[in-house]
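The values are calculated or read from the model by the stated rules, or taken from the named source; none is laboratory data. Please read all numbers here as calculations on a predicted model, not as lab measurements. Here the Cβ positions follow ideal geometry from the backbone for every residue, glycine too, while neighbour counts run over all protein chains shown.
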């Protein structure tokens with residue numbers, strides 16, 4: 001349902017009077033947004049009624065995050081990226097290493113193209129995981145969608161997932177209908193997503209009507225799961241203990257392609273275009289939307305003076321083991337690819353596999369008090 | 001005062017005229033502007049598809065909203081494009097509060113109460129003890145000289161406070177306002193306040209210009225509103241763009257304060273340590289009248305009509321918007337099982353000393369009036385005065401080992 005187009009009323013005020021105060025801000029939106037851009041865009045809206053103020057609200061409300069440079073804006077629908085390209089293109093370029101409005105993005109979900117990845121040392125690599133997001137064409141995105149849309153997305157997702165078989169056969173757990181026992185189990189498995197408390201999400205309107213039409217689907221083996229209606233329509237996750245990223249990626253690609261097939265049969269493809277790849281709520285997830293990573297023990301390497309530089313050169317990023325908003329605990333880090341747009345799924349997982357292998361080797365050297373200076377990689 | 005406002009209605013807004021016409025007027029809303037996209041979506045998603053799941057909910061909105069009402073109202077908007085979905089979002093997101101039954105909906109502008117009266121009227125009735133906006137009129141009385149026995153025993157009453165809110169007609173309310181509107185509210189209020197003199201003279205402190213230490217000090221002194229963390233406020237969109245155009249004005253003695261752009265355009269507060277509620281209310285009325293005069297001089301007026309009194313963001317604050325209260329020590333009475341019933345019959349409520357969302361700690365309670373609408377300011381303050389005196393009397397009796405009585409319940413509306 002069309003959201004309030006408060007816009008028309010706001011146009012009585014000048015752009016200057018409406019322009020947000022970004023003097024204390026440090027996010028991509030604040031770096032890019034100028035009064036000129038704002039004036040140009042403030043009179044526009046997407047067909048479903050999303051406006052530039054809606055796009056930037058989360059960035060205005062959240063001046064900066066201590067661990068990570070946030071994007072500071074979200075899309076409300078597929079058209080947002082077109083209607084507000086004057087704002088979003090520079091942000092995309094800034095966030096995705098200079099990606100130009102004319103660049104094309106490559107999709108490669110052929111897991112056989114991945115080399116290696118089945119030999120990461122499980123003494124160091126505790127778990128492996130690949131996730132991405134998908135948006136269903138014809139619906140607005142979580143910051144904007146109505147209860148009716150969200151419920152329809154859930155319904156379609158349940159139908160699609162119910163057709164999966166073999167290693168992918170599984171069950172849906174609606175957040176609303178869960179028993180206490182089911183909830184406890186899902187929390188113990190590290191599957192259950194919590195009600196969003198991060199203000200990055202709540203200020204963007206993604207927590208509205210919680211927990212209506214939210215849920216989790218997972219296969220019987222608990223190695224493949226789908227989140228419905230959290231930050232994106234769908235988040236698809238493949239994970240397992242240990243370091244066999246090759247297997248995780250195989251399952252990821254196979255399952256994802258099966259799901260896409262089913263949605264297409266019902267005339268609901270995924271949002272995708274050859275410039276931006278897969279279209280998701282946050283501009284940081286455009287392209288592959290893929291975050292492939294491991295939980296890995298690097299107590300010595302992580303305190304090495306060159307740790308940050310090594311990560312940068314390998315095009316990897318570190319997070320705490322609680323997710324994007326958290327700090328590391330006990331020398332265990334979540335290491336994943338930094339890139340999403342401009343390289344394919346295979347490229348990105350390859351970087352993780354090769355990079356983590358190298359860092360584990362470095363860790364072993366440091367354990368023996370040997371130098372790692374000759375192992376420092378060139379910039380990828 | 002009432003007639004002054006009705007006379008000043010010269011055309012800010014046609015719907016405002018509609019709103020003030022009172023009972024019997026069929027004030028209709030404006031339908032969503034019909035683009036093809038919007039029409040398509042309405043067909044794809046009938047109101048039944050969007051009706052919220054309120055099965056686990058316990059707030060006034062959830063108690064009154066039916067699928068039929070929702071269906072009538074979903075596609076309407078106020079002249080500023082505010083919708084029902086936006087009004088109820090906070091009630092959908094917050095199923096229930098442990099200490100207080102919440103209203104679960106807010107107004108985005110003055111016209112909300114008219115355009116969506118089909119849901120607001122029953123909620124108002126529910127919240128305000130059966131007050132019927134279609135048939136009843138709300139009395140306004142700010143003559144503080146009428147208060148009697150308004151000085152409490154300071155061995156029990158630690159502080160006294162009266163607050164209300166005022167909204168500036170023609171500008172959207174905090175859930176809906178744009179940054180420019182919010183800044184305009186700040187400008188109008190601050191300009192007017194700079195005209196206060198004598199014991200009311202003071203200055204403005206913009207939240208953005210304050211440092212952490214200044215802020216925390218004002219919060220600790222119970223002057224400043226906290227950073228918005230309450231999910232009730234945040235789900236209603238009132239924390240957007242924080243701290244832009246928010247601030248606090250206070251006089252030099254720090255006993256007369258105005259909050260700008262928190263939950264309402266303005267909150268006016270008179271307070272002081274000790275038990276002299278009469279003086280607190282006298283200053284409250286005097287200050288309020290002067291502020292009204294000062295904004296009139298600049299061509300502005302407050303949102304008010306004779307059905308609903310002063311128009312504020314939350315329906316619970318309609319009418320007088322007045323909460324008169326004390327921080328009072330009641331170590332014996334608070335442990336007595338009859339405490340709640342006594343409060344109920346006196347039409348008083350208890351809160352923690354940190355404000356509406358908090359629990360009481362120790363023996364000190366915030367005791368204030370329950371009612372806002374259907375009784376005048378003078379009536380409500382007198383009710384608090386009489387009630388608190390009664391509570392102190394009970395406390396003293398219990399101290400001496402004497403028994404106490406539950407008072408007969410007070411009447412709800414003046415007849």
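Any residue in the range A:303-324 that is surrounded by fewer than 18 Cβ atoms within 10 Å (Cβ to Cβ) and assigned to a strand (DSSP E or B)? Please lay out each step first, then the result.
Quick first cut of the range A:303-324, residues surrounded by fewer than 18 Cβ atoms within 10 Å (Cβ to Cβ) only: A:303-309, A:312-313, A:320-324.
Now narrow it down to the ones that are assigned to a strand (DSSP E or B): A:320, A:323.
Scanning the range A:303-324, I find at least one residue that is surrounded by fewer than 18 Cβ atoms within 10 Å (Cβ to Cβ) and assigned to a strand (DSSP E or B), so the answer is yes.
From the list B:296, B:250, exactly one residue is touching a residue at least 12 places away in the same chain (Cβ under 8 Å), within 30 Å of residue B:82 (Cα to Cα) and away from every other protein chain (no Cβ under 14 Å). Which is it? Write out each step before concluding.
Numbers: B:250 fails: within 30 Å of residue B:82 (Cα to Cα).
That would be B:296, the only listed residue that is touching a residue at least 12 places away in the same chain (Cβ under 8 Å), within 30 Å of residue B:82 (Cα to Cα) and away from every other protein chain (no Cβ under 14 Å).
Quick check on my filter: what residues within the range B:48-95 are under 21 Å from the mean Cα position of the chain (by Cα), more than 14 Å from every other protein chain (Cβ to nearest Cβ) and either surrounded by fewer than 17 Cβ atoms within 10 Å (Cβ to Cβ) or outside any loop (DSSP other than H, G, I, E, B) (or both)?
The answer is B:58, B:60, B:63, B:64.
Touching a residue at least 40 places away in the same chain (Cβ under 8 Å), within 12 Å of another protein chain (Cβ to nearest Cβ) and either under 30 Å from residue B:209 (Cβ atoms) or touching a helix residue (DSSP H, G or I) at 6+ places or on another chain (Cβ under 9 Å) (or both): which single residue out of A:86, A:61 fits that description?
Working: A:86 fails: within 12 Å of another protein chain (Cβ to nearest Cβ).
Just a single option satisfies the conditions, and that option is A:61.
Just one of (1) touching a residue at least 40 places away in the same chain (Cβ under 8 Å); (2) within 13 Å of chain B (Cβ to nearest Cβ) trips up residue A:68, so point out which.
Of the numbered conditions (1) touching a residue at least 40 places away in the same chain (Cβ under 8 Å); (2) within 13 Å of chain B (Cβ to nearest Cβ), the odd one out for residue A:68 is (2).
Do the conditions hold for residue A:8, that is, is it within 10 Å of chain B (Cβ to nearest Cβ) and not in a loop (DSSP other than H, G, I, E, B)?
Working: within 10 Å of chain B (Cβ to nearest Cβ): yes; not in a loop (DSSP other than H, G, I, E, B): yes.
Criteria met by residue A:8.
Can you pull out the residues in the range B:394-403 that are loosely packed, with under 14 Cβ neighbours inside 10 Å and closer than 17 Å to residue B:365 by Cα? Full working, then the answer.
Quick first cut of the range B:394-403, residues loosely packed, with under 14 Cβ neighbours inside 10 Å only: B:399-403.
The answer is none; no residue qualifies.
Within the range B:169-242, considering only helices (runs of 4 or more DSSP H) that don't extend past its boundaries, which have at least 3 residues that are buried (at least 17 other Cβ atoms within 10 Å of the Cβ) and more than 12 Å from every other protein chain (Cβ to nearest Cβ)?
Values: elements: B:179-193, B:212-220, B:231-235.
Because the criterion is at least 3 residues that are buried (at least 17 other Cβ atoms within 10 Å of the Cβ) and more than 12 Å from every other protein chain (Cβ to nearest Cβ), the helices (runs of 4 or more DSSP H) in the range B:169-242 that meet it are B:179-193.
Conditions tested, residue by residue: (1) surrounded by fewer than 19 Cβ atoms within 10 Å (Cβ to Cβ); (2) farther than 25 Å from residue A:153 by Cα; (3) more than 20 Å from the chain's Cα centre (by Cα); (4) within 14 Å of chain B (Cβ to nearest Cβ).
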| position | (1), (2), (3), (4) |
| --- | --- |
| A:41 | no, yes, yes, no |
| A:50 | no, no, yes, yes |
| A:57 | no, no, no, yes |
| A:97 | yes, yes, no, no |
| A:102 | yes, yes, yes, no |
| A:120 | no, yes, yes, no |
| A:123 | yes, yes, yes, no |
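For the range B:326-342, what are the residues that are under 14 Å from residue B:364 (Cα atoms) and within 25 Å of the chain's Cα centre (by Cα)? Give the derivation first.
Of the residues in the range B:326-342, the ones under 14 Å from residue B:364 (Cα atoms) are B:326-335, B:339.
B:326, B:327, B:328 - these are the residues of the range B:326-342 that are under 14 Å from residue B:364 (Cα atoms) and within 25 Å of the chain's Cα centre (by Cα).
Quick test for you: out of B:203, B:183, pick the one residue that is modelled with pLDDT of 95 or more and more than 22 Å from residue B:323 (Cα to Cα).
Numbers: B:203 fails: modelled with pLDDT of 95 or more.
Answer to the check: B:183.
Of A:214, A:235, A:208, which residue is closer than 18 Å to residue A:170 by Cβ and over 16 Å from the mean Cα position of the chain (by Cα)?
On the way: A:235 fails: over 16 Å from the mean Cα position of the chain (by Cα); A:208 fails: closer than 18 Å to residue A:170 by Cβ.
Sole residue among the options that is closer than 18 Å to residue A:170 by Cβ and over 16 Å from the mean Cα position of the chain (by Cα): A:214.
Would you mention how many residues in the range B:156-167 are buried (at least 20 other Cβ atoms within 10 Å of the Cβ) and closer than 17 Å to residue B:311 by Cβ?
The number of residues fulfilling the criteria is 4.
Of everything in the range A:344-380 that's buried (at least 19 other Cβ atoms within 10 Å of the Cβ) and not in a helix (DSSP H, G or I), which residue is modelled with the lowest pLDDT?
It comes out as A:372.
Determine which single condition residue A:28 fails, assuming it passes every other condition in (1) facing chain B (nearest Cβ under 10 Å); (2) in contact (Cβ under 8 Å) with a residue 40 or more places away in the chain.
Of everything listed in (1) facing chain B (nearest Cβ under 10 Å); (2) in contact (Cβ under 8 Å) with a residue 40 or more places away in the chain, residue A:28 misses just condition (1).
Of the conditions (1) under 24 Å from residue B:83 (Cβ atoms); (2) in contact (Cβ under 8 Å) with a residue 60 or more places away in the chain, residue B:178 clears all except one; give me its number.
With (1) under 24 Å from residue B:83 (Cβ atoms); (2) in contact (Cβ under 8 Å) with a residue 60 or more places away in the chain applied to residue B:178, the lone miss is (2).
Identify, by number, the condition in (1) outside any helix (DSSP H, G or I); (2) out of contact with any strand residue (DSSP E or B) (no Cβ under 9 Å at 6 or more places or on another chain) that residue A:257 doesn't meet.
It is condition (1) that residue A:257 fails.
Any chance the range B:220-227 includes a residue that's more than 24 Å from residue B:180 (Cα to Cα) and in contact with a helix residue (DSSP H, G or I) (Cβ under 8 Å, 6 or more places away or on another chain)?
Filtering the range B:220-227 down to residues more than 24 Å from residue B:180 (Cα to Cα) leaves B:220-223.
Next, from what is left, pick out any that are in contact with a helix residue (DSSP H, G or I) (Cβ under 8 Å, 6 or more places away or on another chain): none.
Checked the range B:220-227: no residue is more than 24 Å from residue B:180 (Cα to Cα) and in contact with a helix residue (DSSP H, G or I) (Cβ under 8 Å, 6 or more places away or on another chain).
Looking at A:237, A:216 in this structure, which one is surrounded by 20 or more Cβ atoms within 10 Å (Cβ to Cβ) and farther than 30 Å from residue B:233 by Cβ?
Numbers: A:216 fails: farther than 30 Å from residue B:233 by Cβ.
Just a single option satisfies the conditions, and that option is A:237.
For residue A:143, which of the numbered conditions (1) modelled with pLDDT of 95 or more; (2) touching a helix residue (DSSP H, G or I) at 6+ places or on another chain (Cβ under 8 Å); (3) more than 29 Å from residue A:48 (Cβ to Cβ) fails to hold?
All conditions are met except number (3).
Could you tell me whether the range A:314-335 includes any residue that is more than 19 Å from the chain's Cα centre (by Cα) and more than 17 Å from residue A:126 (Cα to Cα)?
yes
Conditions: (1) over 17 Å from the mean Cα position of the chain (by Cα); (2) crowded, with 20+ Cβ neighbours inside 10 Å; (3) over 22 Å from residue A:223 (Cα atoms). Residue A:142 meets all but one. Number of the miss?
Single failed check for residue A:142: (1).
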